[in-house]
Amino acid sequence: MIVLGIESTAHTFGVGIIDDRLNILSDVRIRYNPPKGMGMEPFQTAEYHSRYAVDVVKRALEESGLSVGALDAVAYSRGPGLGPCLRIGATIARALALKHNIPLYPVHHAIGHIELVRSMFNLSNPLVVLVSGGHTTITAFRDGRWRSYGETLDITVGNLLDVFAREAGLDFPGGPVIERLASKGVRYIELPYNIKGSNFQFSGLLTRAVQLLNEGRYSIEDLSYSLQETAFSIIVEAAERALASLKDDIDSIAVTGGVASNNTLHNKLVEMAGLHGLRVYRLEKKWNSDNGIQIAIVGLRMLEHGIQGVKPEEAYILQRWRFDEVDIPWM
Ligand code: AMP
Ligand code: MG
C-alpha cells in the first residue's frame with residue numbers, strides 16, 4: 001500500500017509518499033518565511049503555498065518514481081491550522097482523489113507528529129511530549145485516544161520563542177536562533193515560572209522577557225538562555241508530573257514537533273527520564289518539522305485499518321480541532 005500525504009497547516013507546504021513497510025518514497029516541502037519583523041499572515045502564507053503547491057506534488061511523485069495511479073490513498077491535514085493554508089492542501093487532495101478515484105483521508109496534524117515518532121521507533125506505550133508552533137502538550141494513549149496529561153493554557157512554546165525572537169529583531173523561526181544565542185548565555189535571570197497541576201502558561205514569561213529585553217539591562221544571550229531554561233524546565237516538570245500519574249504503564253518518552261529539535265530541551269528530558277529508568281526517543285531533525293510524511297503515515301494507518309475515506313465534497317477543513325477528539329482505532 002502506498003499513501004501520499006499533504007501537509008499545509010501553516011508555514012510548510014509538504015508532500016510525502018510512504019509505503020506500508022514505512023519506506024519513505026519521497027518528501028518534498030517548501031516553507032514560507034514571513035518578512036523580518038512580521039508574523040505569519042494567513043493569506044500571504046496561503047498565497048505562497050498556492051504558487052508552489054502543484055510543483056511540490058509533481059516533484060514528490062517524480063522523486064518516488066510513481067504515477068498518481070499507483071497511490072492507494074491521499075491524506076491531507078484537515079487541521080488545526082491557518083484556514084487559507086489548510087484550504088490549499090484540501091483542494092489539491094480533493095482534486096487528486098476525484099480525478100484518480102482514490103480514497104481520501106483527513107488527518108489531524110498533531111496525530112501526524114505523534115504517529116510518525118511512535119511508528120518509526122515502534123513504541124508501544126510512550127509518554128509523548130509534543131512541542132511545536134501549534135501545540136505544547138504532554139500526551140499518552142488511553143481508551144482509544146491520545147489524551148492530554150498536561151498542556152499550555154495559553155501560547156505554545158514555539159510561539160513563545162518565535163515572538164520573543166521577533167521582538168528582539170531576530171530571524172524567523174526564532175527557536176533555532178535562540179538556541180544558538182542561549183548556548184553563549186552565562187547568567188540565569190529569574191523569569192515567571194507558571195505551572196498549575198499539570199498545565200502551564202507561557203504568556204507571563206513572554207511579557208517579562210520582552211520587558212527585560214526592552215530595558216536593555218541584560219544581553220540577548222543571557223535572556224535567551226534564561227528563557228529556554230525557564231520554558232523547558234516547565235515542560236519537563238509537566239512531563240514528570242504526568243509520568244507520576246501514569247508511570248506503571250509508560251515504557252518510553254517520545255519528543256516531537258519543531259521544538260523537539262532543541263538539544264537543551266532534549267537533554268533535560270533525558271535527565272528526567274533517566275531518573276525513572278526510561279529512554280527518550282527523538283527523530284532526526286527534519287522529521288520534527290512539519291512534513292507530508294506525518295500526514296501520509298496516519299492516512300496509511302486508516303487505510304490499513306479499513307477505515308472509509310471521505311467523499312471529496314466532504315473533505316472540509318477544521319481550523320480548530322483538538323487531538324483528543326480523534327478516535328484512533330488502529331492502536
Ligand atoms: P512546527 O510548528 O512543528 O513546524 O514547529 C515549528 C516551531 O519549532 C517554531 O516555533 C520554531 O521556532 C521551533 N523550532 C525549530 N527548531 C528549533 C530549535 N532548535 N529550538 C527550539 N525551537 C525550534
Ligand atoms: Mg507541527
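The values are calculated or read from the model by the stated rules, or taken from the named source; none is laboratory data. The structure displayed is predicted, hence computed values, not measured ones. Don't worry about glycine lacking a Cβ; one is built from the backbone with ideal geometry, like all the others, and counts go over all protein chains shown. Heads up: the accessible areas ignore ligands, DNA and RNA and are worked out on the full protein's heavy atoms, side chains in. Shrake-Rupley method; radii C 1.70, N 1.55, O 1.52, S 1.80 Å.
Some points to look at:
- Tally of residues being open to solvent by 40 Å² or more (accessible area, probe 1.4 Å), under 24 Å from Leu127 (Cα atoms) and part of a helix (DSSP H, G or I) across region 305-331: 1
- Number of positions in region 113-138 that are over 12 Å from the mean Cα position of the chain (by Cα) and part of a helix (DSSP H, G or I): 4
- Within region 48-61, being open to solvent by 40 Å² or more (accessible area, probe 1.4 Å) and more than 16 Å from Ile293 (Cα to Cα) holds for Tyr48, Ser50, Arg51, Tyr52, Val54, Asp55.
- For region 276-304, a tally of residues being polar (S, T, N, Q) and either assigned to a helix (DSSP H, G or I) or without any contact (Cβ under 8 Å) to a residue 12 or more places away in the chain (or both) returns 2.
- Residue in region 87-104 that is farther than 30 Å from Pro126 by Cβ, in contact with a helix residue (DSSP H, G or I) (Cβ under 9 Å, 6 or more places away or on another chain) and among the small types (Gly, Ala, Ser) present: yes
- Annotation: of all residues in region 77-118 being under 22 Å from Ala260 (Cα atoms) and of a type in the set (D, E, K, R), the one that is farthest from ligand 1 (Cβ to nearest atom) is Arg118.
- Test: Met272 is more than 16 Å from ligand 1 (Cβ to nearest atom), in a helix (DSSP H, G or I), in the same structural domain as Ile253 (by TED's automatic domain parsing) and not polar (S, T, N, Q): yes
- Pair list, Cβ under 7 Å, 6 or more apart: region 171-187 residue more than 26 Å from Met38 (Cβ to Cβ), other residue open to solvent by 30 Å² or more (accessible area, probe 1.4 Å): Lys184/Glu221; Gly185/Glu221; Gly185/Tyr225
- Subset tally (residues that are within 16 Å of ligand 1 (Cβ to nearest atom) and either acidic (Asp, Glu) or assigned to a strand (DSSP E or B) (or both)) for region 1-27: 9
- When Thr45, Thr12 are checked against the criterion of being open to solvent by less than 10 Å² (accessible area, probe 1.4 Å), modelled with pLDDT of 95 or more, assigned by TED's automatic domain parsing to the domain that holds Ala95 and over 21 Å from His113 (Cα atoms), a single residue qualifies: Thr45.
- When residues of region 235-269 are limited to those that are away from ligand 1 (no atom under 11 Å from the Cβ) and in a strand (DSSP E or B), the one nearest to the chain's Cα centre (by Cα): Val255
- Taking every residue in region 130-157 that is surrounded by fewer than 24 Cβ atoms within 10 Å (Cβ to Cβ) and pairing it with any residue that is part of a strand (DSSP E or B) and among the small types (Gly, Ala, Ser), at least 6 positions away or on another chain, the pairs with Cβ-Cβ distances below 7 Å are Arg147/Ala140; Tyr149/Ala140.
- Scanning region 278-301 for residues that are open to solvent by 10 Å² or more (accessible area, probe 1.4 Å) and either away from ligand 2 (no atom under 12 Å from the Cβ) or over 13 Å from Phe13 (Cα atoms) (or both) yields Leu278, Arg279, Val280, Tyr281, Arg282, Leu283, Glu284, Lys285, Lys286, Trp287, Arg301.
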